[in-house]
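Have a look at the structure below before the remarks.
No lab work stands behind these numbers, since they all come straight from the coordinates. From a predicted model like this one, the values you see are computed outputs, not experimental measurements. Neighbour counts are summed over all protein chains in view; Cβ atoms, including those assigned to glycine, are modelled from backbone coordinates with ideal geometry.
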Amino acid sequence: MIGWLVNDTLTCIPGTKTIWHDLLENLPLEDKTFGYTSFGVLADKIKKESEVNGVPDFVIRNATYFGPLNLKCKTISLLQDATMDPTQLYVCKLSDIVVFNSPFTKSLYKNKFYTPCRVIPLGIDFDFFKPDASYEKELGILENSILFVGANNNYPKGFDNILNLIENTNYNFCLVMKDNFTMDHPRVKVFNRVDQETMQKIYNSCKLLVCSSVMETQHLAGIEAAACDLPVVATNVGVYYDLNNGEWGRKVLDGDFLSNINYVFENYQDFSPRKFFLEKGYDKQSCINKWKDLVNSL
């Protein structure tokens with residue numbers, strides 16, 4: 001079988017790899033992004049491509065941002081952006097299978113459509129993201145820092161909770177932001193828009209990660225941090241949605257981040273987040289194997 005991978009582009013950030021690269025490299029797929037194709041014309045371009053070159057055996061497409069392809073073949077739609085707009089829901093209703101990136105994302109769509117569904121996470125490179133103490137002093141990150149990765153908004157990132165922790169505790173913090181945020185504070189080190197190599201060093205220079213988000217469909221930063229053996233203190237979103245407190249970290253259900261952070265620091269030896277997420281199958285190969293099984297079942 002030969003399939004088509006249909007999205008606007010493989011990545012929006014030059015030099016980075018995404019789930020679309022992983023699928024293209026591991027499944028019998030042809031790249032039909034054409035480098036970059038605007039969502040507004042993508043469906044029409046794919047239709048014309050099928051008229052010239054014939055219809056593929058199957059399509060793996062982004063469930064979001066563009067309408068149905070109207071091809072007479074099996075369609076797998078990957079849903080990782082919880083927009084719930086009418087076009088997305090219509091695409092999912094017409095698909096043969098919808099793949100969600102987490103149980104949390106799937107839970108948001110209960111009774112929205114009745115297409116067969118699977119949950120396949122976006123895999124993390126556990127060979128790249130791994131514990132390495134050699135970076136601890138390289139970036140000037142303060143000792144035992146609490147890490148936050150995100151943006152300075154209250155929705156969806158819950159940044160007000162981070163500011164509250166900075167203001168009302170004596171802990172050190174490291175903030176990795178994507179919005180040119182600055183902060184002049186003796187206990188805070190700020191980075192903006194860092195590459196993967198620097199991100200790996202940051203994880204290995206911090207003590208734990210806090211996910212304060214109100215909405216996350218998976219939270220890749222948390223799994224990357226866990227791959228570097230950082231415990232996570234998180235809200236009930238994304239990959240943490242169906243987890244109980246355990247060796248991965250702690251769940252914040254009542255808004256009390258501080259008591260959970262204190263618990264992690266006081267019981268640090270009890271946490272093994274890398275082991276936990278590896279056993280759960282969040283490494284790239286385990287996730288790709290699930291995609292292979294799905295395609296073979298068509």
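Quick notes on this one:
- Note on the chain: Cα-Cα pairs beyond 32 Å make up 30% of the total pair count.
- Per-residue [θ]222 nm for the chain (sum of -39500 (n - 2.57) over DSSP H runs n ≥ 4, rounded to 500): -9000 deg cm²/dmol
- Between V55 and K137, the distance separating the two model label sites (each 7 Å from Cα on the Cα→Cβ line) works out to 6.5 nm.
- Among T182, L230, Q200 - extreme Cα towards positive end, dipole of region 133-279, charges at beta-carbon: T182
- For region 78-121 versus region 211-249, the gap between their alpha-carbon centres in whole angstrom: 21 Å
- With the highest mean first, a sort of the peptides 202-209, 165-172 on other beta-carbon atoms found within 10 angstrom per residue produces 202-209, 165-172.
- Leading residue at positive end of dipole, the chain (Cβ point charges), from N153, L78, S134: L78
- Loop trypsin sites (Lys or Arg not before Pro), region 19-90 (other Cβ atoms within 10 Å of the site Cβ: 11 or fewer; DSSP): K72
- The GluC sites (Glu not before Pro) of region 221-284 that DSSP puts in a loop, and whose beta carbon has at most 16 other beta carbons within 10 Å, are E247.
- The charge dipole of region 133-279, taken about the Cα centre with unit charges on the Cβ atoms of Lys, Arg (+1) and Asp, Glu (-1), comes to about 200 debye, rounded to the nearest 20.
- Distant-in-sequence amide H partners of L29 (H built 1.01 Å from N, under 5 Å): G3
- In this structure, the amide hydrogen of K157, modeled 1.01 Å from its nitrogen in the peptide plane, lies closer than 5 angstrom to those of V214, counting only residues at least 5 positions away or on a different chain.
- Nearest-20 debye value, the chain charge dipole, Cβ charges on Lys, Arg, Asp, Glu: 740 debye
- If the segment from D270 to A151 were pulled out straight at 0.36 nm per residue, it would be longer than the present Cα-Cα gap by 39.8 nm.
- The modelled label-to-label distance between D160 and E30, using points 7 Å beyond Cα along the C-beta direction, is 5.2 nm.
- Cα-projected label distance for F128 with T169, points at 7 Å along beta-carbon direction, nm: 2.9 nm
- In the calculated pair-distance distribution of region 68-191, the portion above 23 angstrom amounts to 55 percent of the Cα-Cα pairs.
- Nonlocal Lys pairs with alpha-carbon distance under 16 Å, region 133-279 (8 or more apart, or different chains): 8
- For region 133-279, the spread of Cα positions along each principal axis, largest first, Å: 36, 34, 27
- Computing FRET efficiency as 1/(1 + (r/R0)^6) for L108 and D184, where r is the C-beta to C-beta distance and R0 is 35 Å, gives about 0.35.
- Using R0 = 45 Å, the C-beta based FRET efficiency linking V214 and L94 works out to 0.90.
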